[in-house]
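Visitor: Have a look at this one.
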Number of protein chains: 2
Amino acid sequence: MTVTKPAADFSALFHPRAIAVIGASQDLTRISGQPIKALKAAGYKGDIYLVNPKYPELHGLKCYPSAASINAPVDMAIVAVPAPGVADAIRDCGKAGIKYAVVLTAGFRETGAEGVNLEAELKRAGIEAGVRMVGPNCQGMVAVPSRVWACFGSISEEVELTEGDVSCVFQSGGFGYAIVNLAELQGVGFRTCVSSGNETDLSTPEMLEAFLDDPGTKMAFAVMEGTPDARRLLDVGRKALATGKPVLIWKSANTEAGAKAAASHTANMTGRADLFRAAFRQSGLIEVDDVEPIVDIAKLVSQGRRAKGKRIGALSISGGSGIVFADRCVREGLTLPPFAASTVAALRKIIPAFGSSENPADVTAGIFNDMGLLTKTLEIVLQDPGIDQLTIMLASIPGAPAARAAEAIVAAAAKTDKPVHVAWSGRRSKSEAAYRILEAGKVPVVPTPVRLAQAAAVLARFEEDRARLGTRKAPAPTKPVTLSLPAGAVTLSEAESKDVLSAYGIAVTQEVVVPEGGSLLAKVAKLSPPFAVKVVSRDIAHKSDVGGVKLGLRDVLSAEAAAREVVANARRAKPDAKIEGVLVSEMATGLEVLIGVVNDPGFGPTVALGLGGVLTEVLRDVTYRIAPFGIEDARDMIGELKGARLFAGYRGQPAVDIEALARMLVQVSGMAYAMKDRLAEMDINPVFVGQKGAVAADALVVLK
Amino acid sequence: MTVTKPAADFSALFHPRAIAVIGASQDLTRISGQPIKALKAAGYKGDIYLVNPKYPELHGLKCYPSAASINAPVDMAIVAVPAPGVADAIRDCGKAGIKYAVVLTAGFRETGAEGVNLEAELKRAGIEAGVRMVGPNCQGMVAVPSRVWACFGSISEEVELTEGDVSCVFQSGGFGYAIVNLAELQGVGFRTCVSSGNETDLSTPEMLEAFLDDPGTKMAFAVMEGTPDARRLLDVGRKALATGKPVLIWKSANTEAGAKAAASHTANMTGRADLFRAAFRQSGLIEVDDVEPIVDIAKLVSQGRRAKGKRIGALSISGGSGIVFADRCVREGLTLPPFAASTVAALRKIIPAFGSSENPADVTAGIFNDMGLLTKTLEIVLQDPGIDQLTIMLASIPGAPAARAAEAIVAAAAKTDKPVHVAWSGRRSKSEAAYRILEAGKVPVVPTPVRLAQAAAVLARFEEDRARLGTRKAPAPTKPVTLSLPAGAVTLSEAESKDVLSAYGIAVTQEVVVPEGGSLLAKVAKLSPPFAVKVVSRDIAHKSDVGGVKLGLRDVLSAEAAAREVVANARRAKPDAKIEGVLVSEMATGLEVLIGVVNDPGFGPTVALGLGGVLTEVLRDVTYRIAPFGIEDARDMIGELKGARLFAGYRGQPAVDIEALARMLVQVSGMAYAMKDRLAEMDINPVFVGQKGAVAADALVVLK
């Protein structure tokens, strides 16, 4: 459906055989010196070539006048020359056969008009030279397994970063590496981290796809302000579902204040937060909005066990933690089903009366008097076929009891493939043994029951999305219909707009256009009253505002009078408007909704669905999907409206034809995509959804 | 307005001169032994008296056969005898003149019927003996300044807990102390911590009030499942506003699963989450739902500076953090106003072009090359009169630059009384100096910009609530009206219900009751058509369901026909119903809302306001306040409805009389409180809010 570039092979970027530093500095504290120091400190095993025509030698290494003069295979260049020289440096890389450049230099489009020109030149240079670029205006990248520290700033000193299975990309280097740092402090190991800066070439979506292709990456995340490549996020999501590797996105710059700050930062196009959210929902991407969720989800993913279902068994040594855990699980869509009768009976023999043997079970702290009891309890619950995952809450017990509990938990976890997680906030200083046991046994520990519930819910939803969204077939593309559309940026009249809809098979009200002065009687013979009469003019987009609409006319006579009136009203209000006549329609009935299309600069054509009338005006009850999409997505849209219950009938109103509305949404999405080069925006408002069928009662197509 | 017990003086509980341990064990690992060990380990300076008739001496101390035999002033008893002996132990305390007992023993109402009886006996014993009790079924309390570790479990070993200005109470000891532990690990210092268990005597609200009276407590929090004393939370909130000490409440057991788990835990009445939320909103209490918010807010409070406003100035060394900070600030109701022109001009001289001098300013990491520039930047922004608070984001810079930045920040903070906070996640292991400098300078550090924005917003709202809610006068109590209400649990007919409303001055539709067979014509002379005609019967609460309502009758003739019809319909549907006649009313018009009253077991009479029709049915758009309340609270209720915009007019409908609705809400709240001993529940549905005035068109009063 959507045509994207094929995924590139990024192995040379993540595992370069040799690295050139273009603009290498004598001063290792400068941006053009820090990567040299970092590569050495990290123990990078490949060759490092320094390039700077000013020196024959630097830091005990031969210094080359240009990349082209190196004469040895090099996979990556780190570019740190001043902005005006970067394009030349990239051309030099091209000559040297270097396929990837990490451009640290700032001073491009984020600084104004001159920078915009420099960046355009850089982009051309990259394409012409066949060099793929990270940056510019970035802090560089780190590939932990291959000891590549191609970066500057505080991350260049963090060469002991724990290796793990999380890869990430972020447009803000300082903030992104602060997240990496904080996450690692809390126990997350990293693989590849990319500060992508202005994303002149390599974009966040493309990096995420590369991470999903990387066998060593189990989870990826991005922190992004925006991207012109937004539509490609759908492919990323689908690939995440296909590979079973969760992709977390922290989309920032969602408020006016945030977007304003982003403009002077990486100047990435921030885009509409509601469309991003729709794309995430549509494709299985996971939205996050702080560091802790990333940490907690990463820990759970690292265990390498799929959440097979949403049914959680919970054991606590403190009733209070079981209660907040249950609260949050339920709020996030997990369930704590009753244990099987045999489970409860077996637990009752172990758990004292002041505890609880029901899910969430309160085994009480007394269990530490005989750790065999904990082992038994864990086995009993893990054997319950109604339980998909097990959570154990240990409050903050320290020392030897914690270590013994850890042993029992690790042993029990080894006997099952169900996810087993622990909520525990014991002080590491007093509980080192327990932490080591749990880490060695790959049992994730999250500090609070609430955070654990949230992370487990995210992963359960991800597995649900894999089953639900992952199987959806992209709809066959709707063929562009040959229409004699006027050239240029024109707003079509209602009648013309409805002709476009009809051409794409979308049901519109039965109606006729009567030229001014023409006879209504002959024209309306096939229509049944009551009628709606509206003025037809491209120059009048908002007909009601000029008295250009009359509704509920019971016979032809009233319709004729109405026709004269709406034309007169329109002429009075807009004397210059070219009036083509009147549109006489049958009156449709049913539940009012509106369908809109926006042609977003990032996502392209996107369909909006809202409930009509009071609900839309007062509650902004609108939902989106990126076009085109199929019937399941359309059903999802309808279901996620706040007022979705209205479709099932209310206050004696009958249930309406949801399927007809869903089909119309699919048709509109196909049409919007087929017309994406001409469509600026479109409104179908209202659509009447009846007991049988749905029909567009008014429409406005704006061409570009 | 609400009559509560006067605040007790708890200084002897928090600073006991001597402590008796009733049921002292020879085995220091037992619950009845751990407090002895903990008091000694903590360095409690008062005398410790052990009580156990089995021993003449224990652990090198004289052992007494009873508390009464001690013959020295004792302020606190720790009771750890088996459940059946606890009431006797309390009576013994009474004889000994001990005013406070911390009852650790479990096995009361949380275990079933026998426990319920034991607990009732315990409660009586406490009252009769004049002993105030913490617990039972609790883990005990800790008073850090006076080194009182009257507790068991892992907290009994945490005697190095950092002293600070936060006090807390929690119903779940294990979970509560895990929170204390985790919060302290993140830098929070504690004062008094109370595990309150079953709260047979001392309740969460009473403990919170005691904390607010304690001069050393700057902030208090509670983790609670529920309380029969819920209404007293309003007093706690008002006292928090008056003293300026924030009170945070983590109310758990808000879901069915959570409430079920709570029933077998401390068996506290969990209550309705929406009413708790209303009480918080009404009285300035702050709801939290995990540990991190408690930690972050506590850190900010500890600086001892009031948030004088919501206007935040932000400086970051990484644009990305400024963007997410701005996003979250705006979402939480803070603002990042533009800096004054002079501020921007001054910053431009310091901040490089690829940074930003607009709020949130991106000073860039380059500032660390000359720390004097950071000092200047801080001073410039702090002098901007349009900025109330300053946030500095340092990403995760480590080592010497972090220490230099810390010095500059502490110096700048010392020259202002505006709150100054830092978002920073530098590794403590690499940045000990910087952490110590910030701690010594009392500049709070929160690990992520998002968490900092959230905490700052909470405190800014608290200060706003102090100004907004703190000045509200409790309304004069509405006098109970002498009404000849039927005895017992009776549902009144619409006509009777409206008589009750009228007696309290609440406007109802103009109407008359016509006995069956009576002449309508004479009765309705003073009413203007159109009319509504409804059957009158206490036995028919839902008149529409039986065909007992006819609306929009245009003249007396139609009304007479309708009267015959509704009576016939009602008789057919409910042959046994006693029918008193028909009610003929004028038809009211306007925006439909509903007002309800629930007489909650915890909060007492509580008023609900919802939007009528589709909005209520589909969106559950309802808000609550605990009765009685004044006009400002009533206006708040109206304003916080999701569909509040409807009151200002929509789709050509006129704006309606919000003040009339607010007055009616106040009247209903006064009436509900005055009738609290008889009112089970009440529904006024619909109320029509017109362009002038509001009128109850139907009402149903259920007595108890």
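The values are calculated or read from the model by the stated rules, or taken from the named source; none is laboratory data. Everything numeric here is computed off the predicted structure, so don't read it as measured data. Note that each Cβ is placed from the backbone with ideal geometry, even for glycine, and that neighbours are counted across all protein chains shown.
Visitor: Yes or no: A:P475 buried (at least 17 other Cβ atoms within 10 Å of the Cβ), not in a helix (DSSP H, G or I) and not assigned by TED's automatic domain parsing to the domain that holds A:F629?
Guide: Against the criterion (buried (at least 17 other Cβ atoms within 10 Å of the Cβ), not in a helix (DSSP H, G or I) and not assigned by TED's automatic domain parsing to the domain that holds A:F629), A:P475 qualifies.
Visitor: One residue is enough: does segment A:94-112 have a residue meeting the conditions more than 16 Å from B:A353 (Cα to Cα), among the basic types (K, R) and not in a loop (DSSP other than H, G, I, E, B)?
Guide: Yes, some residue in segment A:94-112 is more than 16 Å from B:A353 (Cα to Cα), among the basic types (K, R) and not in a loop (DSSP other than H, G, I, E, B).
Visitor: Out of the residues in segment A:182-198 that are in a loop (DSSP other than H, G, I, E, B) and over 21 Å from the mean Cα position of the chain (by Cα), state the one that is surrounded by the fewest Cβ atoms within 10 Å (Cβ to Cβ).
Guide: My answer is A:G189.
Visitor: Which residues, counting only those in segment B:381-405, are closer than 20 Å to B:A453 by Cα and part of a helix (DSSP H, G or I)?
Guide: Selection gives B:V381, B:L382.
Visitor: Only one residue in A:G690, A:G670, A:G643 is within 30 Å of B:S544 (Cβ to Cβ) and either under 27 Å from the mean Cα position of the chain (by Cα) or hydroxyl-bearing (S, T, Y) (or both), so which one is that?
Guide: A:G643
Visitor: Okay, next question. So which residues in segment A:153-173 are at the interface with chain B (Cβ under 9 Å from one of its Cβ atoms) and either surrounded by fewer than 24 Cβ atoms within 10 Å (Cβ to Cβ) or more than 22 Å from the chain's Cα centre (by Cα) (or both), if there are any at all?
Guide: Those that are at the interface with chain B (Cβ under 9 Å from one of its Cβ atoms) and either surrounded by fewer than 24 Cβ atoms within 10 Å (Cβ to Cβ) or more than 22 Å from the chain's Cα centre (by Cα) (or both): A:G153, A:S154, A:I155, A:E157, A:E158.
Visitor: When you look at A:P228, is it out of contact with any His (no Cβ under 8 Å at 6 or more places or on another chain), in contact (Cβ under 8 Å) with a residue 24 or more places away in the chain and closer than 24 Å to A:A627 by Cβ, yes or no?
Guide: Considered against the rule, which asks whether it is out of contact with any His (no Cβ under 8 Å at 6 or more places or on another chain), in contact (Cβ under 8 Å) with a residue 24 or more places away in the chain and closer than 24 Å to A:A627 by Cβ, A:P228 comes out as yes.
Visitor: Here are some residues: A:A83, A:A113, A:A87. Which one is under 22 Å from B:A365 (Cβ atoms) and either at pLDDT 95 or above or aliphatic (A, V, I, L, M) (or both)?
Guide: Matching residue, one of A:A83, A:A113, A:A87: A:A83.
Visitor: Could you tell me how many of the residues in segment B:549-605 are crowded, with 19+ Cβ neighbours inside 10 Å and among the basic types (K, R)?
Guide: 1
Visitor: Being among the small types (G, A, S) and in contact (Cβ under 8 Å) with a residue 60 or more places away in the chain is the requirement here; does A:S66 meet it?
Guide: no
Visitor: For segment A:199-238, enumerate the residues that are over 11 Å from the mean Cα position of the chain (by Cα), assigned to a loop (DSSP other than H, G, I, E, B) and among the charged types (D, E, K, R).
Guide: A:E199, A:D201, A:D214, A:K218, A:E225, A:D229
Visitor: Can you tell me how many residues in segment A:239-262 are within 14 Å of chain B (Cβ to nearest Cβ), surrounded by fewer than 24 Cβ atoms within 10 Å (Cβ to Cβ) and not hydrophobic (A, V, I, L, M, F, W, C)?
Guide: Residues that pass the stated criteria total 3.
Visitor: Another one. Looking at segment B:369-378 only, could you name the residues that are at the interface with chain A (Cβ under 10 Å from one of its Cβ atoms) and crowded, with 18+ Cβ neighbours inside 10 Å?
Guide: Those that are at the interface with chain A (Cβ under 10 Å from one of its Cβ atoms) and crowded, with 18+ Cβ neighbours inside 10 Å: none in segment B:369-378.
Visitor: Take the residues in segment A:90-110 that are under 20 Å from A:D27 (Cα atoms) and at pLDDT 95 or above; name whichever of them is nearest to the other protein chains (Cβ to nearest Cβ).
Guide: Checking each candidate, the answer is A:T105.
Visitor: Hey, another quick one. Name the single residue that is modelled with the highest pLDDT among those in segment A:147-166 being touching a helix residue (DSSP H, G or I) at 6+ places or on another chain (Cβ under 8 Å) and among the acidic types (D, E).
Guide: Per the criteria, the residue is A:D165.
Visitor: Taking only segment A:519-551 into account, find how many residues are among the hydrophobic types (A, V, I, L, M, F, W, C), farther than 15 Å from A:E496 by Cβ and either without any contact (Cβ under 8 Å) to a residue 24 or more places away in the chain or in contact with a strand residue (DSSP E or B) (Cβ under 6 Å, 6 or more places away or on another chain) (or both).
Guide: Adding up the residues that qualify gives 10.
Visitor: Please determine, by comparing only the residues of segment B:340-368 that are part of a loop (DSSP other than H, G, I, E, B) and in contact with a strand residue (DSSP E or B) (Cβ under 7 Å, 6 or more places away or on another chain), which one is nearest to the other protein chains (Cβ to nearest Cβ).
Guide: Among residues in segment B:340-368 that are part of a loop (DSSP other than H, G, I, E, B) and in contact with a strand residue (DSSP E or B) (Cβ under 7 Å, 6 or more places away or on another chain), the one nearest to the other protein chains (Cβ to nearest Cβ) is B:P360.
Visitor: Follow-up. For segment B:239-283, name all the residues that are modelled with pLDDT of 90 or more, part of a helix (DSSP H, G or I) and more than 13 Å from the chain's Cα centre (by Cα).
Guide: B:A242, B:T243 - these are the residues of segment B:239-283 that are modelled with pLDDT of 90 or more, part of a helix (DSSP H, G or I) and more than 13 Å from the chain's Cα centre (by Cα).
Visitor: Answer with yes or no whether B:V301 is under 15 Å from B:Q389 (Cα atoms), more than 17 Å from the chain's Cα centre (by Cα), β-branched (V, I, T) and more than 10 Å from every other protein chain (Cβ to nearest Cβ).
Guide: For B:V301, the condition - under 15 Å from B:Q389 (Cα atoms), more than 17 Å from the chain's Cα centre (by Cα), β-branched (V, I, T) and more than 10 Å from every other protein chain (Cβ to nearest Cβ) - is met.
Visitor: Let me ask another. Would a scan of segment A:311-321 turn up a residue that is more than 9 Å from chain B (Cβ to nearest Cβ) and either surrounded by fewer than 24 Cβ atoms within 10 Å (Cβ to Cβ) or without any contact (Cβ under 8 Å) to a residue 60 or more places away in the chain (or both)?
Guide: Yes, that holds for at least one residue.
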